[in-house]
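Step one of this worksheet: look at the structure below.
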Amino acid sequence: MAASVASMAESLLAMEDKTRRTEPFVLFTFGDSILDCARYNDQGLHPGQLIVHNNDRLFPEFCGKDLQSRGPARLVHCAMDGATVAGLPAQARQAQVQKQANAVALLTVGGNDLLQGLAADTGPGLRAFAASLEAFLAALAVRPVLLGNVYDPTFGDDSRNFLGVEARIARANHRRVNEVIGSLAVRHGRLVDLHRHFLGGEPSWFTRTIEPSLTGASEVRRAFLPALGLA
């Protein structure tokens, strides 16, 4: 099952030319400010925009590595800064998401859930998070779903802890949230390991402690590109 899902994700853009010309590829974004971070940079850009159409002036490295370079493509941006797992169904309803060919969904969630209590959770909250995310994914009409896990803006440095929760406890719950996301990604799509990618980053990737900066938005984009066949 996992192998077939991965193969499907890797071949998303290997479509018939005729199909691509007549039916635009649709990129949906769901979740939180990892994907909805335009307000945190002076260019007003977020990862979904850059994946559909790169800004070649700002990011010449990614010239030709966007969806519109492969054919007609459009973005349906549903992600919302500050969202938790509880808000995901409303995002899908607002966009009136329906099953369609030539589409993929990007999803990042869990960071705000950690900030709002899961970082200190003893078990029930994490189980509720897992159940809510499972229900959303099962009901979502778009396939495949590329799930990004939750990065660590402290780069693993406990001295940067900003949560007001003992680092040992917060890190354990962060790991559990990412394990939930990884497990569900196997069943519903594919995991994009933002956590691993951002551990190799630098402070300029963030603004306001946890939000992706302009560079960070591009790095989120970079992490998703291989799963979209655009790397």
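The values are calculated or read from the model by the stated rules, or taken from the named source; none is laboratory data. Please read these numbers as outputs of a predicted model, since none were measured by experiment. With ideal geometry, Cβ positions are generated from the backbone for all residues, glycine too; neighbour counts draw on all protein chains shown.
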Fill in the blank from the handout: Listed by first then second residue, the pairs whose first member lies in the stretch 159-175 and is touching a residue at least 12 places away in the same chain (Cβ under 8 Å), whose partner is surrounded by 13 or more Cβ atoms within 10 Å (Cβ to Cβ) and among the β-branched types (Val, Ile, Thr), with beta carbons under 7 Å and at least 6 positions apart or on separate chains, are 174/150
Exercise for the section: Determine, yes or no, whether residue 74 is among the basic types (Lys, Arg), at pLDDT 95 or above and within 23 Å of residue 187 (Cα to Cα). Expected result: no
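Each row is one residue, and each column tells you yes or no for (1) in contact with a Cys (Cβ under 7 Å, 6 or more places away or on another chain); (2) closer than 21 Å to residue 76 by Cβ; (3) aliphatic (A, V, I, L, M); (4) at pLDDT 95 or above.
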residue: 121; (1), (2), (3), (4): no, no, no, yes
residue: 136; (1), (2), (3), (4): no, yes, no, yes
residue: 152; (1), (2), (3), (4): no, no, no, yes
residue: 208; (1), (2), (3), (4): no, no, no, yes
residue: 214; (1), (2), (3), (4): no, no, yes, yes
residue: 217; (1), (2), (3), (4): yes, yes, yes, yes
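Determine if the stretch 155-166 includes at least one residue that is within 25 Å of residue 65 (Cβ to Cβ) and out of contact with any strand residue (DSSP E or B) (no Cβ under 6 Å at 6 or more places or on another chain).
Let us first name the residues in the stretch 155-166 that are within 25 Å of residue 65 (Cβ to Cβ), namely none.
Taking every residue of the stretch 155-166 in turn, none turns out to be within 25 Å of residue 65 (Cβ to Cβ) and out of contact with any strand residue (DSSP E or B) (no Cβ under 6 Å at 6 or more places or on another chain).
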Practice task
Report yes if residue 113 is under 26 Å from residue 196 (Cβ atoms), at pLDDT 95 or above, touching a Phe, Trp or Tyr at 6+ places or on another chain (Cβ under 9 Å) and charged (D, E, K, R), otherwise no.
Solution key: yes
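Here's a check for you: in the stretch 199-226, which residue that is among the hydrophobic types (A, V, I, L, M, F, W, C) and in contact with a Gly (Cβ under 8 Å, 6 or more places away or on another chain) is nearest to residue 120 (Cα to Cα)? Outline the logic, then answer.
Taking the stretch 199-226 and keeping what is among the hydrophobic types (A, V, I, L, M, F, W, C), we get 199, 205-206, 210, 214, 217, 220, 223-225.
Filter once more, keeping what is in contact with a Gly (Cβ under 8 Å, 6 or more places away or on another chain): 199, 205-206, 210, 220, 223-224.
Working: 199: 22, 205: 26, 206: 23, 210: 18, 220: 26, 223: 28, 224: 29 Å.
Once the filter is applied, the top-ranked residue is 210.
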Fill in the blank from the handout: Of the residues in the stretch 111-134, those that are polar (S, T, N, Q) and without any contact (Cβ under 8 Å) to a residue 12 or more places away in the chain come to 122
Practice task
Show the residue pairs that are 6+ apart or on different chains and have beta-carbon atoms under 8 Å apart, the first residue being within the stretch 213-231 and without any contact (Cβ under 8 Å) to a residue 12 or more places away in the chain, the second being aromatic (Phe, Trp, Tyr) and surrounded by fewer than 24 Cβ atoms within 10 Å (Cβ to Cβ).
Solution key: 215/205
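What is the residue count in the stretch 206-224 for residues that are basic (Lys, Arg) and surrounded by 18 or more Cβ atoms within 10 Å (Cβ to Cβ)?
Initially, the stretch 206-224 is screened for residues basic (Lys, Arg), giving 208, 221-222.
Retained after the next criterion (residues that are surrounded by 18 or more Cβ atoms within 10 Å (Cβ to Cβ)): 221-222.
Going through the stretch 206-224 one residue at a time, the tally reaches 2.
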Exercise for the section: Report the residue count in the stretch 193-209 for those that are part of a helix (DSSP H, G or I) and either over 16 Å from the mean Cα position of the chain (by Cα) or within 18 Å of residue 147 (Cα to Cα) (or both). Expected result: 8
Fill in the blank from the handout: Matching residues in the stretch 21-45 (assigned to a loop (DSSP other than H, G, I, E, B) and of a type in the set (Val, Ile, Thr)) number 1
Practice task
Would you check which residues across the stretch 64-78 are surrounded by fewer than 17 Cβ atoms within 10 Å (Cβ to Cβ) and closer than 12 Å to residue 230 by Cβ and list them?
Solution key: 64, 68, 69
Fill in the blank from the handout: Checked the stretch 32-71 for anything more than 20 Å from the chain's Cα centre (by Cα) and closer than 21 Å to residue 103 by Cα; matches are 64, 69, 70, 71
Problem - Close pairs (7 angstrom Cβ cut-off, 6 or more residues apart or separate chains): without any contact (Cβ under 8 Å) to a residue 24 or more places away in the chain and buried (at least 20 other Cβ atoms within 10 Å of the Cβ) in the stretch 45-60, part of a loop (DSSP other than H, G, I, E, B) and among the acidic types (Asp, Glu) anywhere - result: 54/66
